[in-house]
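Here is the structure we will look at.
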Amino acid sequence: VEQYHEQIKNSQREKVKGKTSEATSALAGLLEEDVLSTDSRLIDNAWRGAEAYHFFILAQRQLYEGYVDTAMKTALHLRDYEDIIPAVEIYSLLALCACANRAFGTCSKAFVKLESLENLSPDQKLQY
């Protein structure tokens, strides 16, 4: 991503070399980068899945190593990634981390969310 931004800046500098001031050159570079922002969104979205699974594995590792407060905070970030990781996995981990951290309010909210998921069978909902 950084190389992409640097490439855009350099291409703009070459286009306007000797014609205008550096401020105009910088402005032109920013405008072109804004026009091409759809490309950068694709690049950023490619990392979203990696971030999601990084947080998922990190929360599990923190929980198993005994860092329950940190694990719960990491699991709370997973709520932003429901489009990538199944909600059952996210809220199960969150409930487990919150219970281990003795944050029973958060644990209760996670179980309520698990019970309200539509893609679970009635038997699975009873388990939660």
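Going from the fewest other Cβ atoms within 10 Å to the most, the residues 112, 88, 68 appear in the order 112, 88, 68. Taking 0.36 nm per residue of sequence separation and removing the Cα-Cα distance, the residue 64/residue 127 pair yields an extension gain of 20.4 nm. With 0.36 nm allotted per residue and the present C-alpha distance subtracted, the residue 48-residue 100 stretch has 15.9 nm of extension available.
If we count other beta carbons within 10 Å of each Cβ, what is the order of 77, 54, fewest first? The partial results should precede the final answer.
Working: 77 16, 54 13.
Fewest-to-most ranking of 77, 54: 54, 77.
Every read-out reported here was derived from the displayed coordinates using simple, explicitly stated rules and does not represent laboratory data. Source: prediction; values computed, not measured. Cβ sites come from the backbone with ideal geometry, for glycine too, and all protein chains shown count toward neighbours.
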